[in-house]
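For reference, the structure is listed below as structure tokens.
The values are calculated or read from the model by the stated rules, or taken from the named source; none is laboratory data. Remember, it's a predicted structure, so these values are computed and weren't measured experimentally. Don't worry about glycine lacking a Cβ; one is built from the backbone with ideal geometry, like all the others, and counts go over all protein chains shown. What goes into the accessible areas is simple: the full protein's heavy atoms, side chains included, and nothing from ligands, DNA or RNA. Shrake-Rupley method; radii C 1.70, N 1.55, O 1.52, S 1.80 Å.
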Amino acid sequence: MKLSYFPGCSLDGTAKEYGLSTRAICERLGLELIEVPDWNCCGASSGHSTNFLLGHALAARNLILAEQQGLDLVVACAACFSRFKKTNIVLKENAELNRKMEGIMGIPYTGGFEIRHLLDVICNTIGLETIREKVVNPLKNLKLVPYYGCVIVRPQELTQFDDEEQPKAMDNLTEAIGAECLPWSEKTDCCGASLSLTRVDIVKKLARDIVDMGKEAGAQAIITACPLCQANLDMRYGEDGLPVFYFTELLGLALGIDGNTWLERHMTDPMPLLTSLKLVRGGGDE
Amino acid sequence: MKVITITSAGKKETVDSGFAERVQQKSGKELRQCYHCLKCSAGCPLTFAMDWTPNQIIRMVQLGLEKRVLSSSTIWLCASCETCSTRCPNEVDLPAIMDTLKEMAIRNDMRSEQTVIQVFHRVFLNCLREYGRLHELSLLLSLKLLTLNLFEDMMLGVKMFAKGKINPLPTRIENVRQLDLIFKIFGESKRSRT
């Protein structure tokens, strides 16, 4: 199956481990990702925060380029996903913006394709049955809490694949790869997003609240599907935090893919946990 | 539209009855439906840091207290997490309204206590105008220099660099012409007075 793929800025920068593991699992699961050619930043969050039209125009250029590929678009970053969903609607409703973008790009936009988050594609198109069949290294005894954050699931009429207050996709995936998914209260709470660079005090508090609740629930690690969620929980907790994984990293491990190139990039080192549970080779007491 | 001056807690304040209408028109979002059930403010993860709760902002917009709204910290601290809009019984799209208020604050050269956040947005967009993509190192260095906050996060930055999370050099998109046109036509919200 072929999909148009928008990596976004984070997956090539602070979230390189998400980008690398996304490509690795998609290849293993038979998803061919065709990168949107010459893509630009989707504008989140400074674009939409300070200039409505500029925010949508930046996202629109990517949508117009993606439509030319004639495939459905898959996005791994929660913010890019949310912005594209919103801009797709605005482009259809705002004829003037649409016309101006056509003038810039020389190509009209009709929006005749689906925009989907990678988590949705993995859980609902590839399907959990297929994933269970392909798991060669079940993540036994790994206790996880699933952290969805905000805009992957909110608002539901926009994101269209899971419940906005009680999402289940990552819970089910966690169980499909052999790990244990624990119930907890912070599934969809906000990590403070881009305030991480301007109001460190706020994000430290939010990250502490979330990770502490994970610990209280009995988790050994957190599983996420958003670059900002992962970064904030991984970097802003301070000492003795929990390892914070992208769902693609753990899926990769379960599928038997060597994850060293991405696992070594975490700020809270996940290797002691993974080696103690004998989920990766090397180290430990094997 | 009528503008009057009132005295509130010993301070003179302008009330502009056309403000709510302007916010609605610019955002395309209805806000008169808000009956202040406080669901938004109860669920907002950032109220502890805000000067006004989200529904108080909506109330002040309804009342026409433009200056108080546009100089508040709240509009800059909203993280667009959409918890409020998801739970609002009257479908008031608060994050979209907060974005509109930020845009109006910039256009009217309104200052708040959240100067660093305002500088962050400007630096972020300058980076996009230059490269078309975000280059985290350029963004961080500019932000640190402009806010004279050089040492916060320095050790974290060094560790991130060592882990290969920070690209030393930016990547520029190829079609700079389209990028230039986007910024020329839709432009950054320039300050109306400098």
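Worth a mention:
- Compactness check for the protein assembly as shown: Cα Rg over 2.2 N^0.38 Å is 0.97.
- Largest to smallest accessible area among A:LEU71, B:LEU141 [probe 1.4 Å]: B:LEU141, A:LEU71
- Listed residues A:THR268, A:THR50, A:THR188, most fluctuating in chain A (Gaussian network, C-alpha, under 10 Å): A:THR50
- Scanning chain A for cysteines with no neighbouring cysteine C-beta under 4.7 angstrom from their C-beta gives A:CYS9, A:CYS26, A:CYS41, A:CYS123, A:CYS181, A:CYS191.
- Counting, for every residue in B:122-135, the Cβ atoms of other protein chains within 10 Å of its Cβ and taking the mean gives 5.
- A simple packing score, the average count of other Cβ atoms within 10 Å per residue, orders the peptides B:142-148, A:197-203 as A:197-203, B:142-148, with the highest score first.
- For segment B:114-194, the list of chymotrypsin sites (Phe, Trp or Tyr not before Pro) that fall in a loop by DSSP and count at most 12 other C-beta atoms within 10 angstrom reads B:PHE151.
- For the Cα trace of chain B, dividing Rg by the Kirkwood Rh returns an Rg/Rh value of 1.02.
- Calculated mean residue ellipticity, 222 nm, chain B: -14500 deg cm²/dmol, from DSSP H runs (n ≥ 4) at -39500 (n - 2.57) each, averaged per residue and rounded to 500.
- Look at the alpha carbon pairs under 8 Å that are at least 6 residues apart: their mean separation over the length of chain A gives a relative contact order of 19 percent.
- Calculated Rg and Dmax of segment A:99-246 using C-alpha coordinates, Å: 17.7, 56
- Mean separation of Cα contacts under 8 Å, 6 or more apart, over the residue count of segment B:22-90: relative contact order %: 37 percent
- Neighbouring partner chain Cβ atoms per residue of A:33-41, average, 10 Å criterion: 4
- For the chain pair B and A, the interface hides roughly 5100 square angstrom of accessible area in total, found with a 1.4 Å probe.
- Accessible area per residue was computed with a 1.4 Å probe on protein heavy atoms; A:ARG28 scores about 110 Å².
- Summed side-chain charge close to A:ASN172 - residues other than A:ASN172 whose Cβ falls under 14 Å, Lys, Arg +1, Asp, Glu -1: -4
- The largest accessible area among A:PHE81, A:PHE52, A:PHE161 belongs to the first residue in A:PHE52, A:PHE161, A:PHE81, and the rest follow in falling order (1.4 Å probe, all chains).
- Within a Gaussian network of chain A (alpha carbon springs, distance under 10 Å), most fluctuating of A:GLY259, A:GLY103, A:GLY214: A:GLY103
- With eigenvalues of the C-alpha gyration tensor scaled by 5 and rooted, segment B:3-107, Å: 21, 15, 13
- Remark: mean inter-chain Cβ contacts per residue of B:99-108 equal 3, using a 10 Å Cβ-Cβ cutoff to other protein chain atoms.
- Of all DSSP beta bridges in the protein assembly as shown, antiparallel share, percent nearest 5: 25 percent
- Long-range Cα-Cα pairs in chain A (distance over 34 Å), rounded percent: 18 percent
- In order along segment A:41-53, the phi-based Karplus estimate (6.51 cos²θ - 1.76 cosθ + 1.60, θ = phi - 60°) of 3J(HN,Hα) comes to 4, 6, x, 6, 10, 5, x, 5, 5, 10, 7, 3, 5 Hz; Gly and Pro are listed as x.
- Total formal charge among the other residues, if their Cβ is under 10 angstrom from that of A:PRO108, Lys/Arg +1 and Asp/Glu -1: -1
- Three-way shape call for segment A:42-171 based on the alpha-carbon gyration tensor, with the a/c threshold at 1.5: prolate
- Chain A: angle of helix A:95-105 to the longest principal axis, Cα-based, in degrees nearest 10: 80 degrees
- Candidates A:LYS215, A:LYS92, A:LYS16: whichever shows maximal mean-square fluctuation once chain A is modelled as a Gaussian network with Cα springs under 10 Å: A:LYS92
- Cα Rg, Dmax, segment B:115-186, angstrom units: 13.8, 40
- Normalising the Debye intensity of segment A:2-117 to I(0), with uniform scatterers on Cα atoms only, and taking log10 at q = 0.12, 0.14, 0.16, 0.19 Å⁻¹ returns -0.40, -0.54, -0.70, -0.97.
- Projection of the Cα convex hull of segment A:134-200, averaged over all directions and equal to a quarter of that hull's surface, yields 6.1 nm².
- Our coupling estimate for segment B:82-90, obtained by passing each phi through the Karplus curve with A = 6.51, B = -1.76, C = 1.60 and θ = phi - 60°, is 6, 5, 4, 5, 5, 9, 4, x, 10 Hz, Gly and Pro reported as x.
- Taking the helices alone, chain A has a mean residue ellipticity at 222 nm of -12500 deg cm²/dmol, built from -39,500 (n - 2.57) per DSSP H run of at least 4 residues and averaged over all its residues.
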